[in-house]
Every structure is written in C-alpha cells, then in structure tokens.
C-alpha cells in the first residue's frame, strides 16, 4: 500500500512539472519588404543569466517555436547576417504560450567612405595598333630572363641560339620603353639572355608599325616595357634567384613626393661556367681500300654576364602634362674557351696527333639618355609627344684559334680576329595622335635623326 502511494506521488509531481513548461513563438520578417527571413538564429535568455536557455532557427514559414521553458522572465535575441541584432523586451512565462508576433529585422547598412576596385589586366591584350603581353602577371617567368618571356609571346618565336623572329620574319627592331638603344646593335641573344624577367612589365608587339618607328623593310617592332613605381614615399625591393645554369638579381629604389618622382634600378644576370663535352669517332674508306679513322675528344667552357642600371625622373605639373628624363648604363659580355684533342689514324701512314685550342670573347657597353614631354588632351587617346633620345656604345668581338701537331711547341695553323666597334645615335621626334573611333586613329609626326657606326676589324 505504501509502495502504491509513493508511485502516485511521483506521477503527480511529474505532471505538475510538465504543466509548468512554457513556450515562446513568433515570426521573423524583413522590415523593408516583409518577406520571410529564413535561417535566422533565435536565442532565449533567462533574465540575469548571460548564457542562452534555448534557441531555434526560423524556417520557410518564418515561424519559430521554443518550448520546454520553466516559469520566469525571459528575453530573446535574433541574429542574421546582414541585419541588425534584435533584442526583445522581457516576457513572463507562467505555464502558458507567449506569442511575440511579427519581429521586423532591419538591414545593417554601412556607409563606406571610399571604395577601391583593383583589377589585373589579362595576360594578352589586343589593341588598335599592337598586341601587349603583360609579363608582370606571368609568375612562372619571374625567375628567368627576357628570352624566356619572348618564348611565350604570341606571334614571336625564338630558336635554340636565341634568335628572334616575328611572324616568321627575323628582321625585328627592339625598343626599351619605346626608345631605341645601341645595346641591341651588338649581340641580341646575349642582351635578351642577360635582362632579368623581374624587371619587365610588359612586351608590346607591333606587326604594322607606323612611320615614326622607321620600320621600312622591318617585320615588326618588339617594345620591352620596364617596370615603374607610382607609390608615394620611399620604397624599394630586392630580388635574387639562382639555378643550375643561371643567376639573376635586381634592386629598385623609388622616391616620390606629390607630382615629382625619382627611381633607380640595377639588375644583373650571370651564367656561371658551363662545360660542354664533345666526342666524335668517324671511320671512312677510300676507293683504294685505305681506312682512315678520325677521333676528336674535347670540351668547351662558356660563361656570360651582364647588368643594366638606370635612373629616371618624372614631373607632372598638371594632370595632363608630364616631363620625364632618364639615363642608363648597360654591359654585356661572354667568353667561350675550348680544347680538342684529335687523332687521325690512316692505314699505311703515320698517325697524326694534334691539339686545337680556341677562345672567343665578346663585350658591349652602352649609354642611353633621354628627355620626353607628353600632353594629354581632353579626348581619350588624343596625345602630343615630344621625345629626345641619344645613345652611345662600344663593342668588341675577338677570336683566336691555334692548332699544334705531333707534340710540337709552335702552332702549325693559327687564326685570330679582333673587331672593335663604336656607334652613336641621336633622335628627336614630335608625334601627334588623334583617335577617330574605337577602331581607327590618325597619327602624324616629325623625326630627324643622326647615326654614326664605326668598325675597325683586325
């Protein structure tokens, strides 16, 4: 009997507790358009307790239900991304259901003082008069040299010796920042193999150059644009890269205050001693049945080095006027040494042994300076350019070969050559560009130039 009474008392207590459970319900909508706000988070807090007692997430019907709440005072907090947080007033639950009705969430609008949109140009751009390859966006080439970038430029091909062709035509003129340079008149493959890719911003390919480029008889123009910096203050960077066959390095310093800027750069490239082994074994038989065997065993060592340096000034007194000046010094050189041991074994004749040594050297130094003025008119693309450029260079190529037979001390055969050269060029140009439409523009200009080339081979 006592056991039955105890069970009845426990059941009565449980029913009493169940009857004390309350519920909070409501609807969440957008305050502006009254549409449902799905997946808003609703949290219930007991008064005086910072931790939530319960919660729910709104569904497509906008309604939320939070039950199993003890009697007491509560408040709810509604959160959803993009809306201001909603906090209700205190509500009292006493064994009943509390309907909060419609809860309006207000969008959290934030006023931005300034918005900066940054975009990178595509890798290849096609313009009215040229095609532009944006090398600065090609991260895979940054550890290489100019010739590595040219191999990726559409319409340009580079052979194994570094010779460049544009649409199959090897008659190509190279410019740096739109200006001629005597450095390209020496050894183009060496120049392109010594200019670090990290210094190149873009490469412009002009297949139908205008009269201002003096392009008569040329297959086109390749214009190498070097990087510049327009950031205010003082800044700089240093880049170093190394590999099994080539090392690159560059340093840049930029100083800019308002509309005046100064920049300086130095970049270099070195191809440390590269050794190539050569072996040739050939046997031939003449009409009389005599056999001759020729064995050649040798090696060659090649190394290359070069650097480019320069300083640039620019001043923009107005938004549409810009003055620039620059001075640069470049140097490129290479050296190739070889030795070959040769044996000629002929039936019935004494063996012929010989050693052949060879040495070829090349060096080039150039100096470039320029001054330019640009005026931009109100119409987009309408410009007036005045440019003065001058460059001077010295180059020298030398070759020496000696061949000694059968262990003799004096050479039996020898040859040598020495080819020093000097060149100087001065250009003054005035160009006016007037766009007629998006697909057509009119250009006219004036360009006197003075050029001296000297060579004294010995």
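What follows draws every value from the coordinates through simple rules; no lab data is involved. Predicted model, so just to flag it, every value in this text is computed and none were measured. Cβ atoms come from the backbone with ideal geometry, glycine included; neighbour counts cover every protein chain shown.
In this label model, residue 337 and residue 65 are separated by 9.4 nm, measuring between points 7 Å along each Cα→Cβ vector.
Could you tell me which label, among (i) 40.2, 138; (ii) 41.4, 137; (iii) 50.9, 156, carries the value of Rg and Dmax of the Cα atoms in Å calculated for this structure? It is the one labelled (i). FRET efficiency for the pair residue 157 and residue 84, taken as 1/(1 + (r/R0)^6) with r the Cβ-Cβ distance and R0 = 60 Å, rounds to 0.45. The modelled label-to-label distance for the pair residue 377/residue 300, using points 7 Å beyond Cα in the direction of Cβ, is 5.6 nm. Sorting 97-105, 347-355 by average packing, meaning the other beta carbons within 10 Å per residue, from highest down gives 97-105, 347-355.
Taking N as the number of residues in the stretch 124-225, what value does Rg over Cα atoms divided by 2.2 N^0.38 Å take?
On the way: Rg = 12.6 Å, N = 102, 2.2 N^0.38 = 12.8 Å.
Computed over Cα atoms of the stretch 124-225, the ratio equals 0.99.
One decimal place: the segment residue 259-residue 319 gains 20.7 nm when fully extended, by the rule 0.36 nm per residue minus the C-alpha distance. The label point for residue 270 and the one for residue 139, both projected 7 Å from the Cα toward the Cβ, are 2.9 nm apart.
So what is the calculated 222 nm ellipticity per residue for the chain, using -39500 (n - 2.57) for each DSSP H run with n of 4 or more, over all residues, to the nearest 500 deg cm²/dmol?
After summing the helix terms and dividing by the residues of the chain, the value is -1500 deg cm²/dmol.
Length available on full extension from residue 47 to residue 446: 0.36 nm per residue minus the Cα-Cα distance, which gives 135.0 nm.
Ranked by the mean number of other Cβ atoms within 10 Å of their residues, highest first, the peptides 416-425, 307-316 come out as 307-316, 416-425.
The slack in the chain from residue 329 to residue 456, taken as 0.36 nm per residue of separation less the alpha-carbon distance, amounts to 43.4 nm. As a ratio to 2.2 N^0.38 Å, the alpha-carbon radius of gyration computed for the stretch 322-379 takes the value 2.70. Restricting the calculation to alpha carbons of the stretch 34-84 gives Rg and Dmax of 11.8, 34 angstrom.
Mean separation of Cα pairs under 8 Å and 6 or more residues apart, divided by the residue count, gives the chain a relative contact order of 8 percent.
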